[in-house]
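A.B. asks: Please read through the structure below; I'll follow up with questions.
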Amino acid sequence: MTRRTLTFRKLQDRLAGACSQLAVLLAVAIMLWILASVCRRGLPAISATFLTEPSKPFGLPDNGIANALLGTLLITGGAALIAIPTALLGGIFLAEFHDWPRLTAAIRFAANVMMGMPSVIVGLFVYLVIVVPTGHFSGLAGSVALALIMLPVIMRTTEDMLLMVPNALREAALALGMTRARTTLHIVCKSARAGLLTGILLAISRVSGETAPLLFTALYADAWPTTYASAPTPNLPVLITEYATNSPFESMHQAGWGAALIAMTLILAVNIASRFLCRRKGQAA
Amino acid sequence: MPRTDLLFRSLCGLAATLIALLLCCLCGQLLLSSLGLWRHTGLAFLASCDWNPVTDQYGALPPIVGTLLTTAIAMAIALPLAFAAALFLTDAPPALATPLGHAIDLLAAIPSVIYGMWGLFVLAPLMQRHVQPLLRGLPGCNEEGNGFGLLTAGVILAIMILPYICAIMRDVFAMTPPMLREAAYGLGCTRWEASWDIILRYGIRGLLGGAFIGLGRALGETMAVMFVIGNVMSLPKSLFSGSATIASTLANNFAEASGLQRSALFALGLLLLILCLTIQIIAQYYLNASRNRRGEQ
C-alpha cells in the first residue's frame, strides 16, 4: 500500500468535507432557484379573472385557467377513487396474509417494478386499452392512467406502514374474538392511519403534476370539463405544455408560468402537509 | 374460517394480484401493438438511422443513442453530487440535516413539466450564453450550440434524479452499523477515509441499487427532456447537438402518427419498457441484497 503523509490525508479530508458541503448547497440552491423563477415569472399573470375564467384561444380577452384547474381536480380525484381502495386492499394482502410467500414476493416485486415504470409507457398502455376501444380521448382515461401510477406507490407504503404496527395489537384483537377482517380494518389500519394517509397524499402530489400520460389520454380542450367521461378534458399540466412549447406569444408564455405557479403551489402544499403528518405521528409514537 | 374473513382475504388477494396482471398486460399489449413494425422492418429497426414518415422508413438508433447519452450525462453529474450530499447529511447535526434533507427531497416533488419550462426559458438561454462558449473546443463540443440539446437535457435530468439517488444513499449510510465507523476512527482514519474505504465498501450494493433507481428514472423521463432536447431525429455530432430520446419521441410524435409510424412508436415504447424493466430488476436485486445483509447483522 502506498504511504500517505498525515498532511496529505488531512488535506484530502478537508477537501472532501468542503465538496460535500458544496454539493448540498448546490442542490438546495437549484431548488430555490427553480421556485424563485416560477414565482417571479408566474406572479404577474395571476389575477381574479385568471383564476375564474376558462382558457381561450390566443387573442380573446380574459384568458384564464379555471377550467384546467377544475379538470385537474376531477382527473386526479377520479384517479384517487380508483387507486386508493385497490391499493389499500393490495397493501393489506402483502402485509397481513402470509399463506403464499411466493405469490406475495412476486406481487411485491411487480409493485416495485411498476413504481419505476416511466409514466409515458403507462400513458401508451391506457391509450391502447381505453382510448382506442372507446374511440375518444377522455378525462376518465386520464384518471385510469394516473391511478395505474398511484397504485404501486400507495400499495408499498401501506405495506410498510402496516408492518410497523406491533404484533401484540393483532394478537390482542384476535384473542378478544374479532375476525381477521375486523382486526385488520378496525385495529391495524386504524393505528397506522397517519402513515396510510401520508402515503396517499404523497402519491396524489406525485401524479397531479404528471403530464406525459395525459398527452395520450385526457388531451386538452378550451372548455369547461363537463364531458369528463367522453371527450378531451382540460388539465393544468397539458395547458402548461401547450402554452410553453406550441405558442410563440409572450402573453401565452406568461399564462403558462402563472399556471405553473398555481400547479406547483398546490402540489408542494399537499407534499409538505403529508410530511408534517408523518412527523407528528413520529413524535407521538 | 368465518365467511366475511374468506371474502375479505380473497378481495385483498385479488387487488394485490391485479398489479402483477397489469404488468403482464402492459408488456403483452405493447408487443402486440408493435407487431406491425417488427414484421415490416424486423430487427433492422434497432440499427437504422432513418426516421422518415413520408417514405415510411423508421429506425430507432437516433432516439436510442440520445436516451443513452442524456442518461450517461445525468448520471455522471448526479452520482457524485448525490454521494457527497448524502455523506454531509448523514454526518451533520440533525438540526441542520433535517431541513436540508427535506429541501433536497422537495426537488423530487416539483412536477417534470415545470422542470421542462424552467429548462426551456431559464437554463437553455443560460447554456447558450455562458456555458457553451466556455466549453467550446473541448472534445465532443465542437459545434455552434443554440442552448438546446444533449448537454442541457442531461443537466436537467441530473437535477431531477438527484433527490431519488440521494434519499437511498442517505438510508444506506444511516443503516451502516456504527461499530464499523467507530472502529475506523479508532484506527486513526480520517472522516473521508472512513466514508470512502469503509462505509462505501460496506453499503456498495445499496448504493448501486440507488444508482439504478436513478438510472431508471432518467431513462423514462419525458416532459422535461422533450422541452429542451430539440427533438431532432438524427445521430448527434456533439454534446450541443439537438437529439431525441425514446420517451420524448413518443410524446412529441404520437398525436400526428398513424399506421406504420404509430406501430414504430409502440415498438419504441416496448424498447423503453424492456430497458426500464431490466434496470429495475437489477436495482431490486441490489437493494434486496443490501437489505438481507443488514438483516444478518
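Nothing in this text is a laboratory measurement; each read-out follows from the coordinates by a stated rule. Note that the structure is a prediction, hence the values are computed from the model and not measured. Cβ atoms come from the backbone with ideal geometry, glycine included; neighbour counts cover every protein chain shown.
A.B. asks: Binning at 5 angstrom from zero up to the longest distance, how are the C-alpha pair distances of the range B:77-166 distributed in percent?
C.D. replies: Taking all Cα pairs of the range B:77-166, the binned fractions are 3, 13, 19, 18, 16, 13, 10, 6, 2, 0 percent.
A.B. asks: Taking a quarter of the surface of the Cα convex hull of the range B:49-99, what do you get in nm²?
C.D. replies: Mean projected area for the range B:49-99: 5.2 nm², to one decimal.
A.B. asks: Looking at chain B, do any whole DSSP H helices span at least 30 angstrom along their long axis by alpha carbon and average 0.0 or above on Kyte-Doolittle, and which?
C.D. replies: Span-like helices here: B:3-41, B:61-91, B:150-175, B:260-296.
A.B. asks: Peptide A:236-245: average number of partner chain Cβ atoms within 10 Å per residue?
C.D. replies: Counting other chains' Cβ atoms within 10 Å and averaging over A:236-245 gives 4.
A.B. asks: While we're looking at this one, here's another question. Taking just the alpha-carbon atoms of the range A:54-172, what radius of gyration and Dmax come out, in angstrom?
C.D. replies: 19.1, 68
A.B. asks: Could you state, as a whole-number percent, how many of the C-alpha pairs of the range A:82-241 are farther apart than 28 Å?
C.D. replies: Here the long-distance tail beyond 28 Å is 33 percent of all Cα pairs in the range A:82-241.
A.B. asks: Also: 222 nm [θ] for chain B, helices only, -39500 (n - 2.57) per DSSP H run of 4+, per residue, to 500?
C.D. replies: So the calculated ellipticity at 222 nm is -23000 deg cm²/dmol.
A.B. asks: Treating only the Cα positions of chain A as identical point scatterers, give the base-10 log of I(q)/I(0) from the Debye formula at each q in 0.08 Å⁻¹.
C.D. replies: -0.48
A.B. asks: Under 37 °C and 0.692 mPa s, how fast does the range B:201-269 diffuse according to Stokes-Einstein, given a Kirkwood radius computed over C-alpha pairs? Answer in µm²/s, whole number.
C.D. replies: It comes out at roughly 236 µm²/s.
A.B. asks: For the pair A:L73 and B:R39, how long in nm is the line joining their label points, each one 7 Å along Cα→Cβ?
C.D. replies: 4.9 nm
A.B. asks: Could I ask something else about it? Could you tell me the largest-minus-smallest coordinate of the C-alpha atoms of the range B:1-73 on each of the three principal axes, in descending order and whole angstroms?
C.D. replies: That works out to 65, 34, 19 Å along the principal axes.
A.B. asks: Another question about this same structure. Given Cα pairs under 8 Å that are at least 6 residues apart, what percent is the relative contact order of chain A?
C.D. replies: 26 percent
A.B. asks: Can you compute the charge dipole magnitude of the range A:2-43 about its Cα centre, using +1 on each Lys and Arg Cβ and -1 on each Asp and Glu Cβ, nothing else charged? Give it in debye, rounded to the nearest 20.
C.D. replies: 220 debye
A.B. asks: Using a ≥ b ≥ c from the Cα gyration tensor of chain B (square roots of the eigenvalues), is it rounded, prolate or oblate, where a/c under 1.5 gives rounded and otherwise the larger of a/b and b/c decides, a/b for prolate?
C.D. replies: Oblate is the answer for chain B, as a/c is 1.5 or above yet b/c matches or exceeds a/b.
A.B. asks: Taking R0 as 41 Å, what FRET efficiency do you get between A:S247 and A:R193 from their Cβ-Cβ distance, rounded to the nearest 0.05?
C.D. replies: E(calc), rounded to 0.05, equals 0.35.
A.B. asks: Amide H to amide H, which residues 5 or more places from A:V165 or on other chains are under 5 Å from it, using H placed in the peptide plane?
C.D. replies: Residues meeting the amide H criterion: none.
A.B. asks: Right, something else. What's the average, rounded to a whole number, of partner chain beta-carbon atoms within 10 Å of each residue's beta-carbon in A:6-19?
C.D. replies: The mean count of partner-chain Cβ atoms within 10 Å per residue comes to 4.
A.B. asks: Indicate the helices, whole DSSP H runs only, in chain A that combine a mean Kyte-Doolittle hydropathy of 1.0 or more with a Cα extent along their long axis of 18 angstrom or more.
C.D. replies: A:66-96, A:139-163, A:193-207
A.B. asks: Still on this structure, please answer the following. Using alpha carbons only, what's the Rg to Rh ratio of the range A:1-128 with Rh from Kirkwood?
C.D. replies: 1.21
A.B. asks: Now for a different question. Over the alpha carbons of the protein assembly as shown, what is the largest minus smallest coordinate on each principal axis, giving the biggest first in Å?
C.D. replies: 74, 65, 56
A.B. asks: Only helical DSSP H runs with n ≥ 4 go in: add -39500 (n - 2.57) per run for chain A, normalise by residue count and round the 222 nm mean residue ellipticity to 500 deg cm²/dmol.
C.D. replies: -23000 deg cm²/dmol
A.B. asks: Across peptide B:23-33, how many C-beta atoms of other chains are within 10 Å of each residue C-beta, on average?
C.D. replies: Mean number of neighbouring Cβ atoms from other chains: 4.
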